[in-house]
């Protein structure tokens, strides 16, 4: 299993680490720590040295209760950073956006992958993504970021998320996006209770069985905090445990803040598998 973009490929025969770079003043985890170009590029270099192969750049915070960001503001944050990363580093660049204009402009300066929490449902997003012919990660979310955690309810969370991802994938393929360019993300923490999140993690293999590479992003989220009863800055070990469980169940991309620790855990698991 491989992804292809901009004359390069990403081997998914083993899990790849996606390092998170929130280029916002208000992200839930690093609250603006890298909100300047120099600091952001330093963080990119650090994550790549620690074992990330993909850098996921986001210009809009999608934490619960987050405020919306205008098209212009998101373009202003994201496009120069994508360009700067592309000029300096040989890595895959993912852009965490739902806006068609951001996808379009970021692709011109070196974006390789669209990571969309709204699964290409925003105006023009599906059309533009099909034209760009880049890999797309489709995520499930119940509701919208501002309200998604108010009272999420499901009859059967696994089956409902599965049905949504199948349906969106069909619509993507009808629009001209190739199946092998689609990635699935169950959307941990996006309109789900703690119980829902762990049911999804437990059943992650069900999603992998559908033939799409699965991206797991549970790093430092409230599902970790709720079980450990620890604040965001003390959730590294729990996050690494979650990433490792996801990998063991078949996830191909692990979206994380703590790259070095996750890479270490994967090496021990792979050494065991290969013994």
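The values are calculated or read from the model by the stated rules, or taken from the named source; none is laboratory data. Here the structure is a predicted model, which means the values were calculated and not measured. All Cβ positions, glycine included, derive from the backbone under ideal geometry; neighbour counts span all protein chains shown.
Below is a table of values for the structure above.
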item: Restricting the range 167-181 to residues that are in contact with a strand residue (DSSP E or B) (Cβ under 9 Å, 6 or more places away or on another chain) and surrounded by fewer than 15 Cβ atoms within 10 Å (Cβ to Cβ), the residue that is farthest from residue 9 (Cα to Cα); result: 173
item: Test: residue 162 is out of contact with any helix residue (DSSP H, G or I) (no Cβ under 6 Å at 6 or more places or on another chain) and outside any helix (DSSP H, G or I); result: no
item: Those residues of the range 34-58 which are crowded, with 16+ Cβ neighbours inside 10 Å, over 17 Å from residue 265 (Cα atoms) and either at pLDDT below 80 or touching a strand residue (DSSP E or B) at 6+ places or on another chain (Cβ under 7 Å) (or both), in sequence order; result: 34, 35, 40, 43, 44, 54, 55, 56, 57, 58
item: Subset of the range 247-257 [without any contact (Cβ under 8 Å) to a residue 60 or more places away in the chain and within 15 Å of residue 54 (Cβ to Cβ)]; result: none
item: When residues of the range 19-33 are limited to those that are buried (at least 22 other Cβ atoms within 10 Å of the Cβ) and either touching a helix residue (DSSP H, G or I) at 6+ places or on another chain (Cβ under 9 Å) or in a helix (DSSP H, G or I) (or both), the one modelled with the highest pLDDT; result: 19
item: Flag if residue 90 is in a loop (DSSP other than H, G, I, E, B) and surrounded by fewer than 18 Cβ atoms within 10 Å (Cβ to Cβ); result: yes
item: Residue list for the range 123-155, filter: closer than 22 Å to residue 182 by Cβ, assigned to a loop (DSSP other than H, G, I, E, B) and out of contact with any strand residue (DSSP E or B) (no Cβ under 8 Å at 6 or more places or on another chain); result: 123, 124, 133, 141, 142
item: Any hit, the range 193-203, residues being buried (at least 21 other Cβ atoms within 10 Å of the Cβ) and under 23 Å from residue 120 (Cα atoms); result: yes
